[in-house]
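Visitor: Structure provided below as structure tokens; questions to follow.
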Amino acid sequence: MSEQRRGEDDRVRVFNRRFATATRRLGHTETAVRLAGVYALAGLADDWPESRQTCIDELCAYLRMPYEPPPEAGPPAAEQLAFGGSQEVHHAVISIITAHLRDDARVSWRGHDFDFTGVRFDGGDFSGAEFSAGTVDFSDAVFSGGTLDFTGTVFSGATVDFTGAGFTGATIDFTGTTFSGGTVHFVAAEFSGGTVLFGDATFSGTTHYFITATFSGASIDLTGATCSSGALDFAGAEFSGGTIGFTGAALSGGTIGFTGAEFSGTIAHFNDATFSGGTLDFTDAKLSGGALHFTDAEFSGTAVVFTGTEFSGSTVDFSDATFSGRRGGLGKGIATDPPAGLLLPPA
């Protein structure tokens, strides 16, 4: 055996021992020992590129372990203390992953896969991270209370999956986030209360799927968002109460689709939005109560489609909106005698 081969074998043995020691620490009852295991795994991932994904997988697996808060009504002090320790370790794992995805990371973990399937999140900071390529899987995750911060995050070519995730009273903040290429899935996700913020986010060549998602009393804010190419697809989604805000948003060549969506008492604001090309599609949507507001919106060469839309006690208000270019798109699917509740601008 060559000296180079022996040296490589020795290196692998050392890394394997470090890996075994770190993973054992993750199962310890003491918070400090678990934290030591987390940092040891992160250090090993930095030093061992060939098995970096394996180390990342172990950190994500720790997050997937059972993690429930103690009962609100007078739990024993020991139970509260134990949860506090678990919460500290959970948030430390998230912070470590984020630090390795930022521009100033000493060692980058970009391009790797992150499996958060079924993880319970009660906050955490992913701000400033960049997910390039790879898969980021939040499917069936639970977001309950707290704030999960994605402000300024970049998703570039990655597949991000929130399919079946549950959002209850939490704030998910994507303010200023850039979505470039790849796909983002919120298919069949459930939003109950809470707030999802996409203010000033940029969507370029990305498709966001909110297909059959359920929004109950939730606030979805896309104020100032920009969508050029790609799509925001809410097909079959159900909105009950709550608000959707596209105020000041800019659609340029992309598609915002609500095909077959149902709105019940929901208020959607498209005020001051700018639509240049692309399509705004409410085909076969059902509007019961609530309102769609397009006050002062500007449409230039955009198709606004209400084919088969059902209006029941709702208002769609285009007051002071301006149209140029493909004006006929507004009338597509609308009878010459528009349904009650549809307020069109002067011809």
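Visitor: Kindly indicate which of LEU41, LEU35 is closer than 22 Å to ALA129 by Cβ, at pLDDT 95 or above and open to solvent by less than 10 Å² (accessible area, probe 1.4 Å).
Guide: Numbers: LEU35 fails: open to solvent by less than 10 Å² (accessible area, probe 1.4 Å).
When all the criteria are applied, what remains is LEU41.
Visitor: Here is a follow-up. Select from the stretch 102-154 the residues that are hydrophobic (A, V, I, L, M, F, W, C) and at pLDDT below 90 and write down the one among them that is surrounded by the fewest Cβ atoms within 10 Å (Cβ to Cβ).
Guide: Step by step, filter the stretch 102-154, then rank; the result is ALA133.
Visitor: Quick one: is THR29 polar (S, T, N, Q), on the phi < 0 side of the Ramachandran plot and surrounded by 14 or more Cβ atoms within 10 Å (Cβ to Cβ)?
Guide: no
Visitor: I would also like to ask the following. In the stretch 300-309, which residues are touching a strand residue (DSSP E or B) at 6+ places or on another chain (Cβ under 6 Å) and either part of a loop (DSSP other than H, G, I, E, B) or open to solvent by 50 Å² or more (accessible area, probe 1.4 Å) (or both)?
Guide: If the condition is that a residue be touching a strand residue (DSSP E or B) at 6+ places or on another chain (Cβ under 6 Å) and either part of a loop (DSSP other than H, G, I, E, B) or open to solvent by 50 Å² or more (accessible area, probe 1.4 Å) (or both), then SER300, THR302 are the ones that fit.
Visitor: Considering only residues that are open to solvent by less than 40 Å² (accessible area, probe 1.4 Å) and more than 19 Å from ALA213 (Cβ to Cβ), which ones fall in the stretch 175-194?
Guide: Result: GLY176, GLY181.
Visitor: Now a separate question. Just need a number here: residues in the stretch 269-299 that are open to solvent by 50 Å² or more (accessible area, probe 1.4 Å) and over 16 Å from ILE220 (Cβ atoms).
Guide: Matching residues across the stretch 269-299 total 8.
Visitor: Continuing with the same structure: Among the listed residues ILE172, ILE211, which satisfies the condition of being buried (at least 18 other Cβ atoms within 10 Å of the Cβ), of a type in the set (A, V, I, L, M, F, W, C) and within 18 Å of GLY118 (Cβ to Cβ)?
Guide: Step by step, each of ILE172, ILE211 is checked, and only ILE172 is buried (at least 18 other Cβ atoms within 10 Å of the Cβ), of a type in the set (A, V, I, L, M, F, W, C) and within 18 Å of GLY118 (Cβ to Cβ).
Visitor: Can you name the condition, by its number, that ALA335 falls short on among (1) of a type in the set (A, V, I, L, M); (2) open to solvent by 20 Å² or more (accessible area, probe 1.4 Å); (3) at pLDDT 90 or above?
Guide: (3)
Visitor: Scanning the stretch 214-240 for residues that are among the charged types (D, E, K, R) and out of contact with any Asp or Glu (no Cβ under 8 Å at 6 or more places or on another chain), which turns out surrounded by the most Cβ atoms within 10 Å (Cβ to Cβ)?
Guide: ASP233
Visitor: When residues of the stretch 310-324 are filtered for being open to solvent by 20 Å² or more (accessible area, probe 1.4 Å) and in a loop (DSSP other than H, G, I, E, B), how many remain?
Guide: Result for the stretch 310-324: 3.
The values are calculated or read from the model by the stated rules, or taken from the named source; none is laboratory data. A quick note: this is a predicted structure, and the numbers were derived from the prediction, not measured. Note: ideal-geometry Cβ built from the backbone for every residue, glycine included; neighbour counts use all protein chains shown. Just the protein is used for accessible areas: all its heavy atoms, side chains included, with ligands, DNA and RNA removed. Shrake-Rupley method; radii C 1.70, N 1.55, O 1.52, S 1.80 Å.
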